[in-house]
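Participant: The structure's right below; bear with me while I get my questions together.
The values are calculated or read from the model by the stated rules, or taken from the named source; none is laboratory data. Just so it is clear, the structure is predicted and the values come from calculations on it, not from any experiment. Here the Cβ is made from the backbone with ideal geometry for all residues, glycine too, and neighbour counts use every protein chain on show.
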Amino acid sequence: MSSAILHDAAVHGVEHHDAHHGEHHHTETFISKYVFSLDHKTISKQFLVTGIIWAIVGGLFSVIFRLQLGYPESTFPWLEDLLGHWAKGGKLQPEFYYALVTMHGTILVFFVLTAGLSGTFSNFLIPLQIGARDMASPLLNCMSYWFFFLASIIMAASLFVQTGPASGGWTIYPPLSALGDASSGSKIGMDLWLVSMAMFIVSSLLGGLNYITTVLNMRTKGMSMTRMPLTIWAFFFTAVLGVLSFPVLLSGAILLLFDRNLGTSFFLSDIVIAGKILPNEGGSAILFQHLFWFLGHPEVYIILLPAMGMSSEILSINSRKPIFGYMAMVGSMFAITVLAFLVWAHHMFVTGLNPFLGAVFVLLTLLIAIPSAIKVFNWLTTLWRANIRFTPAMMFAIGFVSLFISGGLTGIFLGNSSLDIHLHDTYFVIAHFHIVMGVASFFGMFAGVYHWFPKMFGRYLNNTLAYIHFWVTIVGAYCIFWPMHYEGFAGMPRRYYDYSNWESFKMFGGLNEFISFVSLIVFAAQLLFVMNFFYSIWKGRKVTTLNPWNANTLEWTTPIRPGHGNWPGEIPEVHRWAYDYAREGKNGEDFIPQDVPVGEEEEKH
Amino acid sequence: MKELFIVAIIAMVFVVIFQIAKASEYVSVLKGEDLARKQSNKINGFLLIVFLIVGLIGVWVCNEWFFKKTLFPQGSASVEGEKIDSMLYLTIAVTGIIFFITQILLFWFSFKYQEAQGKKAHFFAHSTKLELIWTTIPAIALTVLVAFGLMHWFKITGDPPSNAITVEITGHQFGWEVRYPGKDGILGKKDYKLYNSPTGNTLGVDFNDVNSNDDLHTTEMHLIKGTPVKLVINAQDVIHNVGLSHFRLKMDAVPGIPTTMWFTPKYTTAEMKVRTGNPNFVYEISCDQMCGSGHFSMRGVIVVEDEADYKKWIASQKPEYFTLFPAKDPTKTSVDTTVKLAVNTISVKK
């Protein structure tokens with residue numbers, strides 16, 4: 001059946017490739033081409049642009065609440081112009097501070113680093129790199145984006161309701177998130193958050209099922225699973241994680257909606273709030289945390305795996321060397337995927353969970369460090385005796401490895417329950433997950449954007465801006481998050497609006513000011529990237545060669561601006577793995593693309 | 001006006017950077033892209049090694065500045081926390097070694113193996129031996145960390161010693177309430193439905209339970225140096241967390257599910273003032289679980305003192321039962337009886 005589809009699509013692709021190269025006269029309207037497009041490449045750009053817009057919003061939120069943390073004594077009159085009564089007299093109000101913190105987390109974790117990252121690159125690269133005309137179901141793919149769009153609209157709307165958006169932290173633990181009396185953000189804002197997330201989960205499932213189906217069924221001739229680039233393996237495992245874990249969050253969200261609006265008691269028991277004795281009995285607030293983290297932890301890897309895959313690919317291409325230990329890389333990603341489901345309770349060591357259960361989770365959690373270590377050593381060995389080209393993508397890939405090491409090692413502290421007792425919910429945690437999941441994944445994403453931008457838009461990004469972007473971001477990220485470990489060692493709790501009344505935590509005023517100042521600069525550098533991005537789509541230097549990075553994978557065998565269907569003629573057949581670099585190619589090149597048949601004297605891979 | 005000015009300046013800076021970047025792109029096209037790439041390759045390779053060196057110095061400077069502000073120099077204020085501190089040092093040592101080795105290799109390789117004229121990368125795709133080495137070494141290191149970690153974990157989460165005193169702490173938006181079991185050593189029963197703010201029964205204590213009649217309800221927590229204490233932790237509205245950073249402990253307070261935690265204070269508050277060199281030192285209870293808009297202000301105070309001082313303090317506290325039902329207070333009996341007598345005499349006169 002799949003070959004029939006392939007054949008059909010091939011005919012389709014040929015039909016649509018007419019004489020005008022790069023300007024396909026489809027019988028399509030603007031709406032069907034750019035809005036409700038079925039082309040995976042257009043859908044991926046939709047995800048990317050939406051992700052960028054959300055990243056600006058989410059980043060801006062962090063700048064605003066960092067102003068409060070860095071300059072708690074100051075007032076900023078322009079904040080009142082921007083936020084109205086939420087910043088009365090130019091001073092951010094605590095309710096809104098918490099709303100900003102919550103929205104910053106929600107937006108960046110879900111809308112940017114899940115939809116924006118895996119939505120963009122899974123969509124863009126899976127068909128191109130496995131040699132398929134499009135996704136298994138272009139329609140579901142299109143719906144996946146539009147459900148994400150709907151989720152975005154609802155979440156954006158929640159920012160403007162009178163009682164404010166959700167403000168109980170991105171983890172929305174009940175009872176705080178269940179009771180409007182507990183926090184103004186737990187009124188209508190929380191309902192909107194839950195509905196938006198439900199839409200988001202639908203989007204993610206539609207996308208994920210599509211990615212899995214496509215990878216399993218639509219690989220071109222010769223593209224066995226073990227010849228797939230590591231990017232595809234990463235997107236595949238990411239999709240598996242998402243499909244198996246997001247439904248659990250959906251169930252949690254729905255039960256929470258019931259508790260909020262229908263008087264059920266799934267998560268509520270023994271509560272007196274605002275002087276009122278609530279009738280709810282027998283629920284468990286901890287149950288929600290299990291449901292949340294059963295997604296929440298795999299979510300970390302949903303964010304991280306695509307960044308790992310893309311960095312592996314980019315490191316290998318620009319080292320002009322095969323990725324070291326391909327099978328070990330696939331194996332370690334598989335191990336991470338399996339273990340990701342078995343470690344969620346390490347977020348709950350201090351909830352009063354059974355110590356024996358805690359011990360099991362310590363063991364499983366620290367096991368994840370082994371595949372992670374294997375990956376790091378393999379990346380390092382890939383660089384060893386290489387011939388490295390520092391393209392902007394390569395810089396970000398190297399930065400990714402550095403950040404992954406720094407942030408990954410602190411995970412060994414937090415995964416060990418006895419240390420977690422002290423470090424839990426302090427700035428140490430903030431430093432840890434921002435470095436390893438936030439900044440590292442962003443670096444993977446930037447690496448991907450810089451590397452595949454020529455394929456997406458047929459133009460290059462400006463290199464000078466790219467290098468400025470890289471250096472400001474990596475130096476800034478370390479300046480922001482490295483000192484936070486020390487605040488964590490001092491026991492400084494996260495999610496505090498003001499520390500000045502605390503004898504134990506008020507000695508970090510100067511440091512907080514420094515961090516806030518650096519975060520402003522880093523945010524500005526990101527805006528530089530955004531300018532570069534949009535400017536280069538229309539005005540960037542044009543790509544003139546089919547394969548600008550001398551890469552092996554199939555996407556570089558398509559025309560510079562591929563139409564719907566990707567290849568104008570036959571889909572190329574694959575004869576070798578994706579990493580034949582440092583080999584003697586034809587014309588003395590140092591690489592042999594995947595579609596080149598294996599020569600007589602060559603040993604097979 | 002000032003803001004507008006700042007925005008204008010920032011926009012100008014952006015435009016200038018942007019123009020310079022555009023110009024450098026034209027220059028590189030004129031120069032020949034290959035040559036431009038090689039030049040930028042050299043610059044970035046050099047910057048990577050500079051970043052490594054400056055970064056390592058930065059790590060050292062950061063430690064010089066901030067280590068003294070952490071809790072390490074003053075040591076753990078609880079006996080159990082010492083284990084956590086030693087565990088922290090061990091983990092810092094193990095991860096620190098890996099950190100320095102891998103980061104140095106990463107940037108050193110990047111610098112050393114940058115593209116050079118006529119050079120070709122070495123084809124080296126896999127080595128089972130190497131993979132085995134770097135699977136085994138982390139596995140051994142982690143086994144050690146897990147073993148020590150779990151040993152401490154089971155000690156800390158295990159049963160408290162038999163001489164431990166029991167204190168109950170209850171969190172609500174945004175403060176802490178403390179209850180002592182009184183002379184009988186048993187906390188009276190509670191039922192959240194008995195909560196009654198007007199009468200003052202804000203903890204929902206069941207005063208029909210005899211055990212509750214000698215319980216003390218305070219806002220400050222007093223503990224004895226050297227005597228283990230078991231905290232029984234409750235929450236009335238949302239999830240809170242009893243964060244005791246000086247004792248290296250924390251535990252969630254969950255509505256409907258009481259939790260416990262125990263520890264042995266090592267230093268009195270007065271001693272800590274000397275140890276930290278801070279005359280204003282207090283043991284603070286910080287709420288470490290996001291609980292609403294006043295989360296950052298949910299502060300409690302613990303006073304650790306000698307047994308004698310503690311006994312004096314306990315003796316000065318009056319059981320809540322007697323505060324809420326003054327009629328039952330034996331120390332007030334004289335007053336009460338006079339009232340009753342007066343009532344009696346009135347009725348007699350009638």
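Participant: Out of the residues in region B:178-200 meeting the condition of being surrounded by fewer than 18 Cβ atoms within 10 Å (Cβ to Cβ) and in contact with a Leu (Cβ under 8 Å, 6 or more places away or on another chain), tell me which one is farthest from B:C287 (Cα to Cα).
Facilitator: B:T199
Participant: Residues of region A:180-237 being part of a loop (DSSP other than H, G, I, E, B), over 24 Å from A:T120 (Cβ atoms) and of a type outside the set (D, E, K, R), which ones?
Facilitator: Once the filter is applied, which keeps residues that are part of a loop (DSSP other than H, G, I, E, B), over 24 Å from A:T120 (Cβ atoms) and of a type outside the set (D, E, K, R), region A:180-237 yields A:G180, A:A182, A:S183, A:G222, A:S224.
Participant: When you scan region A:23-32, do you find a residue that is assigned to a helix (DSSP H, G or I), in contact (Cβ under 8 Å) with a residue 24 or more places away in the chain and farther than 20 Å from A:Y535 by Cβ, even just one?
Facilitator: Scanning region A:23-32, I find no residue that is assigned to a helix (DSSP H, G or I), in contact (Cβ under 8 Å) with a residue 24 or more places away in the chain and farther than 20 Å from A:Y535 by Cβ, so the answer is no.
Participant: What helices (runs of 4 or more DSSP H) lie completely within region A:421-535 and have 3 or more residues being at the interface with chain B (Cβ under 10 Å from one of its Cβ atoms) and out of contact with any Pro (no Cβ under 9 Å at 6 or more places or on another chain)?
Facilitator: Answer list for region A:421-535: A:463-481, A:484-489.
Participant: Considering region B:113-145 alone, what residues qualify as being more than 7 Å from chain A (Cβ to nearest Cβ), out of contact with any Phe, Trp or Tyr (no Cβ under 9 Å at 6 or more places or on another chain) and assigned to a helix (DSSP H, G or I)?
Facilitator: Answer for region B:113-145, where residues must be more than 7 Å from chain A (Cβ to nearest Cβ), out of contact with any Phe, Trp or Tyr (no Cβ under 9 Å at 6 or more places or on another chain) and assigned to a helix (DSSP H, G or I): B:T128, B:K129, B:L132, B:T136, B:I137, B:I140, B:A141, B:T143, B:V144.
Participant: Being in contact with a helix residue (DSSP H, G or I) (Cβ under 7 Å, 6 or more places away or on another chain) and at pLDDT 95 or above is true for just one of B:G149, B:G171, B:G182. Which residue is that?
Facilitator: Just a single option satisfies the conditions, and that option is B:G149.
The rows are residues; the columns are (1) surrounded by fewer than 24 Cβ atoms within 10 Å (Cβ to Cβ); (2) part of a loop (DSSP other than H, G, I, E, B); (3) at pLDDT 95 or above.
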position: A:M308; (1), (2), (3): no, no, yes
position: A:F324; (1), (2), (3): no, yes, yes
position: A:M327; (1), (2), (3): yes, no, yes
position: A:G331; (1), (2), (3): yes, no, yes
position: A:T337; (1), (2), (3): yes, no, yes
position: A:F361; (1), (2), (3): yes, no, yes
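Participant: Of the numbered conditions (1) in a loop (DSSP other than H, G, I, E, B); (2) surrounded by fewer than 17 Cβ atoms within 10 Å (Cβ to Cβ); (3) more than 7 Å from every other protein chain (Cβ to nearest Cβ), B:M151 satisfies every one except a single condition; which is it?
Facilitator: (1)
Participant: Among the strands (runs of 3 or more DSSP E) confined wholly to region B:163-280, which include 3 or more residues that are within 14 Å of another protein chain (Cβ to nearest Cβ) and within 22 Å of the chain's Cα centre (by Cα)?
Facilitator: So the answer is B:165-172, B:229-235, B:240-244, B:249-253, B:259-263.
Participant: Which of the residues that make up region B:72-112 are of a type in the set (G, A, S), crowded, with 20+ Cβ neighbours inside 10 Å and assigned to a helix (DSSP H, G or I)?
Facilitator: Answer for region B:72-112, where residues must be of a type in the set (G, A, S), crowded, with 20+ Cβ neighbours inside 10 Å and assigned to a helix (DSSP H, G or I): B:G81, B:S110.
Participant: Of the numbered conditions (1) closer than 30 Å to A:S184 by Cα; (2) touching a residue at least 24 places away in the same chain (Cβ under 8 Å); (3) not β-branched (V, I, T), B:M251 satisfies every one except a single condition; which is it?
Facilitator: All conditions are met except number (2).
Participant: A further question follows. Would you call B:A36 at pLDDT 90 or above and more than 41 Å from the chain's Cα centre (by Cα)?
Facilitator: Against the criterion (at pLDDT 90 or above and more than 41 Å from the chain's Cα centre (by Cα)), B:A36 does not qualify.
Residue-wise test of (1) over 30 Å from A:A397 (Cα atoms); (2) more than 10 Å from every other protein chain (Cβ to nearest Cβ); (3) not hydrophobic (A, V, I, L, M, F, W, C).
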{"site": "B:G58", "(1), (2), (3)": "no, no, yes"}
{"site": "B:E64", "(1), (2), (3)": "yes, yes, yes"}
{"site": "B:K68", "(1), (2), (3)": "yes, no, yes"}
{"site": "B:S78", "(1), (2), (3)": "yes, yes, yes"}
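Participant: In region A:75-88, is there at least one residue being hydroxyl-bearing (S, T, Y) and surrounded by fewer than 24 Cβ atoms within 10 Å (Cβ to Cβ)?
Facilitator: There is at least one residue in region A:75-88 that is hydroxyl-bearing (S, T, Y) and surrounded by fewer than 24 Cβ atoms within 10 Å (Cβ to Cβ).
Participant: May I ask you to say which residue of A:M456, A:M445 is buried (at least 24 other Cβ atoms within 10 Å of the Cβ) and within 30 Å of A:T545 (Cβ to Cβ)?
Facilitator: After applying the criteria, what remains is A:M445.
Participant: Answer yes if at least one residue in region B:269-279 is closer than 26 Å to A:P174 by Cα and buried (at least 19 other Cβ atoms within 10 Å of the Cβ), and no otherwise.
Facilitator: Within region B:269-279, not a single residue is closer than 26 Å to A:P174 by Cα and buried (at least 19 other Cβ atoms within 10 Å of the Cβ).
Participant: When you go through A:T213, A:T226, A:T220 one by one, which is the residue that is within 14 Å of another protein chain (Cβ to nearest Cβ) and surrounded by fewer than 23 Cβ atoms within 10 Å (Cβ to Cβ)?
Facilitator: The match here is A:T226.
Participant: I need the full set of residues from region A:238-290 which are charged (D, E, K, R), surrounded by 16 or more Cβ atoms within 10 Å (Cβ to Cβ) and either assigned to a loop (DSSP other than H, G, I, E, B) or at pLDDT below 95 (or both), in order please.
Facilitator: A:D270
Participant: Right, something else. Mind telling me which of the residues A:K539, A:K586, A:K506 ends up being of a type in the set (K, R), surrounded by fewer than 18 Cβ atoms within 10 Å (Cβ to Cβ) and within 27 Å of A:L383 (Cβ to Cβ)?
Facilitator: After ruling out the rest, the residue left standing is A:K586.
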